[in-house]
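Engineer: Dropping the structure in here first, questions after.
The values are calculated or read from the model by the stated rules, or taken from the named source; none is laboratory data. Computed from a predicted structure; not experimentally measured. Counting neighbours? That spans all protein chains shown, and the Cβs are built from the backbone with ideal geometry, glycine included.
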Amino acid sequence: MTANIRTEPWSEGDLGLLRRLNAPEMTTHLGGPETEARLVDRHRRYLALGDGRMFRVEVDGAPAGSVGYWARSWQGEPVWEVGWSVLPEFQGRGVARAAALAVVGFARAEGTRRWARAFPSVDHTASNAVCRRAGFTFLGEVDFEYPPGRPMRCGDWGVEL
């Protein structure tokens with residue numbers, strides 16, 4: 001486990017980190033890299049996120065990834081969807097688990113939804129392991145569309161807030 005893992009609110013200066021997280025090896029389970037225009041649009045959405053929050057994950061002060069939660073309706077119920085991404089040089093050190101635990105805490109503090117849910121691809125072994133290690137319960141496999149127009153099979157993981 002890495003000693004000094006922090007989450008900081010997403011800021012204007014985080015576009016470079018988002019570009020690094022957009023690398024082909026980082027987006028294999030998400031439909032591949034986005035275009036620069038879509039990436040800039042995503043950055044703007046992160047900055048303006050009104051129902052939820054995005055964070056930069058830091059390890060010893062260095063940008064290591066992103067984590068966040070946002071509003072979603074799932075099976076007729078309002079939930080927080082959570083997601084994370086950790087740069088390769090920081091993987092395998094407990095960074096994603098720490099970030100997931102932190103973001104669940106932030107979502108819980110909102111006090112507005114009963115569940116936080118994560119939907120990693122069933123083929124993404126590492127993200128499914130993060131869910132398990134961060135205290136999420138596996139609720140089954142579901143069909144999900146991400147990005148829009150690209151169907152994928154995902155694990156439905158939930159933690160009651």
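Engineer: List the pairs whose first member sits in the stretch 54-65 and is touching a residue at least 24 places away in the same chain (Cβ under 8 Å) and hydrophobic (A, V, I, L, M, F, W, C), whose second member is surrounded by 19 or more Cβ atoms within 10 Å (Cβ to Cβ) and assigned to a loop (DSSP other than H, G, I, E, B), and whose Cβ atoms are under 8 Å apart, counting only residues at least 6 apart or on separate chains?
Structural biologist: Met54/Trp10; Phe55/Trp10; Ala64/Leu87
Engineer: From the list Ala64, Ala116, Ala96, Ala100, pick out the single residue that is among the small types (Gly, Ala, Ser), assigned to a strand (DSSP E or B), buried (at least 19 other Cβ atoms within 10 Å of the Cβ) and within 12 Å of the chain's Cα centre (by Cα).
Structural biologist: On the way: Ala64 fails: within 12 Å of the chain's Cα centre (by Cα); Ala96 fails: assigned to a strand (DSSP E or B); Ala100 fails: assigned to a strand (DSSP E or B).
Result: Ala116 is the single residue among Ala64, Ala116, Ala96, Ala100 that is among the small types (Gly, Ala, Ser), assigned to a strand (DSSP E or B), buried (at least 19 other Cβ atoms within 10 Å of the Cβ) and within 12 Å of the chain's Cα centre (by Cα).
Engineer: While we're looking at this one, here's another question. Which of the numbered conditions does Tyr46 fail, given that it passes all the others? Conditions: (1) within 14 Å of the chain's Cα centre (by Cα); (2) more than 17 Å from Asn128 (Cα to Cα); (3) touching a residue at least 40 places away in the same chain (Cβ under 8 Å).
Structural biologist: Failing condition for Tyr46: (3).
Engineer: Which count do you get for residues in the stretch 103-113 that are surrounded by 14 or more Cβ atoms within 10 Å (Cβ to Cβ) and farther than 23 Å from His29 by Cα?
Structural biologist: Counting residues in the stretch 103-113 that are surrounded by 14 or more Cβ atoms within 10 Å (Cβ to Cβ) and farther than 23 Å from His29 by Cα gives 5.
Engineer: From the set of residues in the stretch 21-44 that are among the basic types (Lys, Arg) and modelled with pLDDT under 95, which is surrounded by the most Cβ atoms within 10 Å (Cβ to Cβ)?
Structural biologist: Arg42
Engineer: Please state which one of Ser127, Ser85 is of a type in the set (Ser, Thr, Tyr), within 14 Å of the chain's Cα centre (by Cα), crowded, with 18+ Cβ neighbours inside 10 Å and not in a strand (DSSP E or B).
Structural biologist: Unique residue meeting the criteria: Ser127.
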